1. Label SER63 and ASP155 with points 7 Å out from Cα along Cα→Cβ: what is the distance between them in nm?
2. Report the charge-dipole magnitude of the stretch 133-192 in Debye, nearest 20, computed about the Cα centre from +1 at each Lys and Arg Cβ and -1 at each Asp and Glu Cβ.
3. Can you sort THR99, THR84, THR213 so the residue with the fewest Cβ neighbours within 10 Å comes first?
4. Using a Förster distance of 30 angstrom, determine the FRET efficiency expected from the C-beta separation of HIS203 and SER260, and round it to 0.05.
5. Could I have the simple spin-label model distance between THR121 and ASP145, label points 7 Å from Cα toward Cβ, reported in nm to one decimal?
6. Applying the Karplus parametrisation 6.51 cos²θ - 1.76 cosθ + 1.60 with θ = phi - 60° to the phi angles of the stretch 157-163, what ³J(HN,Hα) value in whole Hz is obtained for each residue in order, glycine and proline being reported as x?
7. Considering amide H positions built from the backbone, and no H for Pro or chain starts, which residues 5 or more places from VAL55, or on another chain, come under 5 Å of its amide H?
8. So, in nm, how far is label ASP17 from label ARG212 when the simple model puts each one 7 Å beyond its Cα toward the Cβ?
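Computed from the coordinates by the stated procedures, all read-outs in this text should not be read as laboratory data. Since the structure is predicted, the reported quantities are computational estimates derived from the model, not experimental observations. In this analysis, Cβ positions are derived from the backbone assuming ideal geometry, glycine residues included, and neighbour counts consider all displayed protein chains.
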Amino acid sequence: MLMSFPPSKSDATVKFDGVTVEFPVYSAHGRSFKRSILQFTTGGRIGLSSNQRVVISALNNVSLVAEHGERIGLIGHNGAGKSTILRAIAGVYEPVHGTISICGRVASLIDLTLGMDMEATGYENIRVRSLLLGLTPAEIDARIDEIGAVSELGDFLSMPIRTYSSGMLLRLAFAISTSIDPDVLLMDEWISAGDASFAKKAHHRLMELLGRTGILFIATHSDAVIRNYCTRVIWLDKGTVRADGRPEDIVREYSEWMNSGGAVQPSEGVS
């Protein structure tokens, strides 16, 4: 169950209480399928539901609390559950067990071009994409000129975006997506946009966005992102929280585990 409450940056919180997210595999044949691949999976746990249907437990009994001011990095191998946590917070995935409680407005930068219409103009896409990000029509009217200026697309904003190069489309999507004022911000890897001249502006704008954000969740494979932007790290392994704590401690534990081929256990006190 997902419960959301009105936005308030100073009181922004995210709470997972015994959250399990499962995906049924309808094409699999029960036990024979499970036996054949259970030992080889690197993603979520494979099991059987009460009606003997094969299910993937992308998250398994996950509990955590995030509070205002925290910048949380999610680490782990591919399939560990990082993106599933982001999508569960965004309301894309609903838990089969447990509850997710969120105080504040959630904004996602997982897919910058979500909802964009290739036949519509740049200006029209600013309005549609901004609505999907949770801005009101009045907020969009107040920001549309600033978004256009950040994109540096000029007269092209009056043209259908199918006429844009991939770099132009990314500039527009980035300018729109970073115009929000979220209580909880979700990112899947750090965003970089455009050529060298635009990248500097993009970095500055992204840092301004983080300054307006109550809580950040970012799934990443980059140690540099963890060191530079995170105050806390959660290490996920097969849909469970393996360790949760200070970035330097958890990154060290994770690196040792990776280098040992998964043989090293977390130290005592890291939970």
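1. Between SER63 and ASP155, the label points sit 6.3 nm apart.
2. Working: 3 positive and 10 negative charges, 60 e Å.
Magnitude of the dipole: close to 280 debye.
3. So the ranking, lowest neighbour count to highest, is THR99, THR213, THR84.
4. On the way: r = 35 Å, r/R0 = 1.17.
Step by step, r from the Cβ atoms, then E = 0.30.
5. 1.6
6. 5, 8, 9, x, 6, 5, 8
7. VAL25, GLY47, LEU48, SER49
8. Here the modelled spin labels are 3.3 nm apart.
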